[in-house]
Amino acid sequence: MNAVAIPAALVARLRAARRVAVLSGAGISAESGVPTFRDAQTGLWARYRPEDLATPAAFARDPQLVWDWYAWRRERVAQAQPNPGHRALVALEGRVAAFTLITQNVDGLHRRAGSRRVIELHGDITRSVCSVERCEVGAWDDTGERPPRCPACGAPLRPDVVWFGEALPRAALAAAQAAAESCEVFLCVGTSTVVYPAAELPFAAQRSGACVVEVNPDATPLSSSADFRLPGPAGTVLPALLAALDAT
């Protein structure tokens with residue numbers, strides 16, 4: 001594999017930065033073997049559309065089907081491990097005074113890798129919440145019913161994720177926007193930058209004067225306007241970026 005070329009100007013910007021924000025997407029998780037949302041609809045689930053499995057209407061119509069699909073996805077996530085890209089972001093956090101990691105992923109791999117300041121825009125598939133109160137539920141009586149019931153009110157439990165047709169958590173989105181608009185360097189890692197409102201964050205950062213860096217093997221709508229584009233997988237590019245920062 002060829003060495004990743006890290007521009008000296010980017011190294012200088014990162015070394016001087018006190019406020020850094022990162023937006024991560026499905027690409028970094030895919031490197032750990034976590035199927036993307038579309039890829040997860042394979043095998044037994046190939047005949048279902050997203051609307052059959054990831055909307056409030058789908059859950060109201062067939063809550064067991066939706067619960068079982070997310071249970072299958074949870075099993076896949078539990079088998080995955082953070083990769084060098086995740087760990088490089090942990091190391092970068094340790095170098096920066098104010099660091100915010102914004103993720104569109106729901107697999108919890110950033111936290112498992114050791115990242116502390118994480119904003120989960122789309123939730124966390126490993127958590128369950130009451131479908132009525134939306135409070136997190138960590139344990140319940142296992143009666144074999146799917147989905148299980150909230151111990152407090154008896155409503156069905158659901159995964160703590162944002163479905164199609166639902167708004168992003170207001171506080172999480174506001175925190176992400178504030179981080180984007182106040183950072184000096186913004187890294188966009190493994191995301192297609194086509195799903196809004198998250199896709200707007202790197203552009204908001206750039207309008208506020210931040211240096212925007214894209215890490216992605218494929219071109220995206222951000223590619224032509226990013227200040228630096230580092231083509232390649234996060235698990236290769238981000239460790240190379242850390243090595244360049246550590247070089248004298």
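Each value in this text was obtained by applying a stated rule to the coordinates, not by laboratory testing. No experiment lies behind these values; they were computed from the predicted model shown. Methodologically, a virtual Cβ is constructed for each residue, glycine included, from the backbone with ideal geometry; neighbour enumeration extends over all protein chains shown.
Could you point to the residue in Gln206, Leu65, Val118 farthest towards the positive end of the chain's charge dipole, with +1 and -1 charges on the Cβ of Lys/Arg and Asp/Glu respectively? So the residue we want is Gln206.
Cysteines in the chain that lack a partner Cβ within the 4.7 Å cut-off: Cys135, Cys153, Cys183, Cys188, Cys211. Taking a Cβ cut-off of under 13 Å around Phe203, the surrounding Lys, Arg, Asp and Glu residues balance to a net charge of -3, with basic ones at +1 and acidic ones at -1.
Taking 0.36 nm per residue of sequence separation and removing the Cα-Cα distance, the Gln177/Arg116 pair yields an extension gain of 20.1 nm.
Projected onto planes of every orientation and averaged, the convex hull of the alpha-carbon atoms in the chain covers 14.1 nm². Looking at segment 106-248 alone, DSSP beta bridges between its own residues are antiparallel in about 45 percent of cases. Ordered by the count of other Cβ atoms within 10 Å of each Cβ, fewest first, His110, His122 give His122, His110.
Normalising by the residue count of segment 1-131, find the relative contact order in percent from Cα pairs under 8 Å and 6+ residues apart. Taking the mean separation of contacting Cα pairs over the length of segment 1-131, I get 29 percent. Amide H contacts under 5 Å for Leu23: Ile102, Leu187, Cys188, Val189, restricted to partners 5 or more places along the chain or on a different chain, H placed in the peptide plane at 1.01 Å from N. The dipole here belongs to the chain: it is taken about the Cα centre, uses +1 on the Cβ of Lys and Arg and -1 on the Cβ of Asp and Glu, and is about 480 debye. The GluC sites (Glu not before Pro) of segment 103-142 meeting both criteria, a DSSP state outside H, G, I, E and B (loop) and at most 12 other C-beta atoms within 10 angstrom of the site's C-beta, are Glu133.
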